1. Where residues in segment 154-182 are in contact with a strand residue (DSSP E or B) (Cβ under 8 Å, 6 or more places away or on another chain) and of a type in the set (Gly, Ala, Ser), which of them is nearest to residue 93 (Cα to Cα)?
2. Which of the residues spanning segment 224-241 are assigned to a helix (DSSP H, G or I) and among the β-branched types (Val, Ile, Thr)?
3. Is it the case, given these coordinates, that residue 169 is surrounded by fewer than 14 Cβ atoms within 10 Å (Cβ to Cβ), polar (S, T, N, Q) and within 20 Å of the chain's Cα centre (by Cα)?
Amino acid sequence: MVKKSLAALLIGFASGAPSGGAATAATAATAAMAATVAMPATAAAGDARDSAAESPVLPFAAQFQAEWKGIGVAVSDLDLRRAPDAHEYIYTWRVSARGIFRLVYSDDVLQTSWFSISGGHVRTRRYEASEGNTSVKLDFDWAGGHARGTSEGKPLDLKLQEGTQDVLSIQIEVMQDLKNDSLPSHFQIIDKDEVKDFLYTREGTARIHTALGWLDTVVVTSQRSGGNRVLRMWFAPALGYTPVQAERSRDGKLEFAMKIKTLRR
């Protein structure tokens, strides 16, 4: 039960989706990210303001700690960077279990999304996830209206609607929507091998204490239509709406939490 729930939160941090298969375990972080030094919140805010007009999305590298019942069980690294051609972004998520949980989560989970920004919105081109010998690979054919690829060796052919996201790109889309004050109430997200409907709600604002200091945040909840799990996320406007905290609850009871530890731009 712990293994399944831990994975669901870590992947759900991006979408709220209780994922499985190639996205079902906490895994190792890179040495470079492990050595990341936290940027003071005031400096990060200044960088965000100075460069906001230069790029629709601000690249960043952040590390989070996942907690289960107050115990640190995993480290999660997010890395958003520009692709070499500068017309595309690459968003990577690597997760590592810690302590005794490493005995259960022995394989790396690595997810990557390649996307561009069009009209202020995210358009995914490719998504990949791997965990040990299992993998998910999807290519998004927007002209043809389909996402095609494989999930754990099985062929996939999923119909796309405008605005459909993968479990990583949805996080960037929400950041963009919050920046533009245009967060919709509904998203379609491809999770593992199916398209799922999620409801998103902007709950309000909150000032919270983090490893980066006190931050003013916008609080957003995500829930699968008809589901009993709720993902609550805190995004910091001063940091380009970078997510700084997340909690997942089920039937009103807290299951897991993720809190930012370091941020670099």
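Throughout, read-outs are computed from the coordinates displayed, never taken from laboratory work. Keep in mind it's a predicted model, so treat the numbers as computed, not measured. Backbone-built Cβ (ideal geometry, glycine too); neighbour counts: all protein chains shown.
1. The selected residue is 169.
2. Result: no residue meets the conditions.
3. Numbers: surrounded by fewer than 14 Cβ atoms within 10 Å (Cβ to Cβ): no; polar (S, T, N, Q): yes; within 20 Å of the chain's Cα centre (by Cα): yes.
In short, no.
Residues are listed down the side, and each one gets a yes or a no for (1) surrounded by 18 or more Cβ atoms within 10 Å (Cβ to Cβ); (2) in contact (Cβ under 8 Å) with a residue 12 or more places away in the chain; (3) assigned to a strand (DSSP E or B); (4) of a type in the set (Gly, Ala, Ser):
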position	(1), (2), (3), (4)
206	no, yes, yes, yes
214	no, yes, yes, no
219	no, yes, yes, no
243	yes, yes, yes, no
246	yes, yes, yes, yes
